[in-house]
Amino acid sequence: MIRGKFETGIAIAIALIAAMPGAASACELFHGLRVKMETGSYRATLNDVVLKYSGVQLSSNNGSVSQSSYEYGLTEWLVPGQNIVKIDYDGSAAEFTIFARCKGSYEDDQIVDTVRFTAPSSQQLSFEHLGPLEDTYLKADIAGDEGLLDAVKRLQDAARAEDVETILRMHDPMIKEFGRRMGGTEGITFYLRSILTSHPAVVEETLTVTPVMGGRVYQIFGPDGQPPISVSGKTEDGSFSWPGGVYWARFGDEWAVVAN
């Protein structure tokens, strides 16, 4: 059944590109997840990485109704070829759809895969990513988790000691990835250095390590979703909260953080 969905996704993606005005290169295709939920809540993962956890509140004391239909793009944690979205749903009426669209467009959606729920259960959707991927995590090694917890401890020790330079160095792949997407690392480096030097870090002692992305990345959280380290506080522009040390990957003999 999944294979049928997979082949259909490829055909639709190719048809969508071919149907666009001008050459196929004029369309940079991306995929997204559309949610229609009448009741309940859900947890979504893309290639095992947690994407979204949301509940729908149909009514409240003041009569407000929260948004029960929305969509978001699937632009991170992609792999070449087949990508799997898993939905763990708790409720009685919901529909989840993978769509394909040219970037910058809000029309001409092509439906790639759809699942519907009438009771709590888990289902999968799939889609084919055809374009190039430059994400840093795809350059990481798949070589088991030896040494990972030692690296996490070094990060936490650096947080306790307010060793900002070590924290930044261990987040170097994440910072470089931000720079690739945003056109430079100066802003994010300045921001992290400023909050880490002016606010104490909180260290989570109880951690669970989960391999994701086929074992290329490891996801680390505390019992209630806490990151290994976190910094929060207030600035002139308002309050902030920054998680650290959540997604790790191995590059040769060194572990480093690729995302938070």
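The values are calculated or read from the model by the stated rules, or taken from the named source; none is laboratory data. Here the structure is a predicted model, which means the values were calculated and not measured. Neighbour counts are summed over all protein chains in view; Cβ atoms, including those assigned to glycine, are modelled from backbone coordinates with ideal geometry.
A few comments on the model shown:
- Flag for Val85 being touching an Asp or Glu at 6+ places or on another chain (Cβ under 9 Å) and modelled with pLDDT of 50 or more: yes
- Checking each residue in the stretch 188-200 for being part of a loop (DSSP other than H, G, I, E, B) and farther than 13 Å from Phe240 by Cβ picks out only Pro200.
- Hey, Thr114 modelled with pLDDT of 95 or more and exposed (fewer than 11 other Cβ atoms within 10 Å of the Cβ) or not: no
Condition check ((1) in contact with a strand residue (DSSP E or B) (Cβ under 9 Å, 6 or more places away or on another chain); (2) farther than 25 Å from Leu46 by Cα) across all residues:
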position	(1), (2)
Leu148	yes, no
Lys153	no, yes
Ala161	no, yes
Pro200	yes, yes
Pro211	yes, no
Thr235	no, yes
Ser241	yes, no
Trp248	yes, no
Gly252	yes, yes
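- The combined condition, being polar (S, T, N, Q) and at pLDDT 95 or above, is not fulfilled by Thr75.
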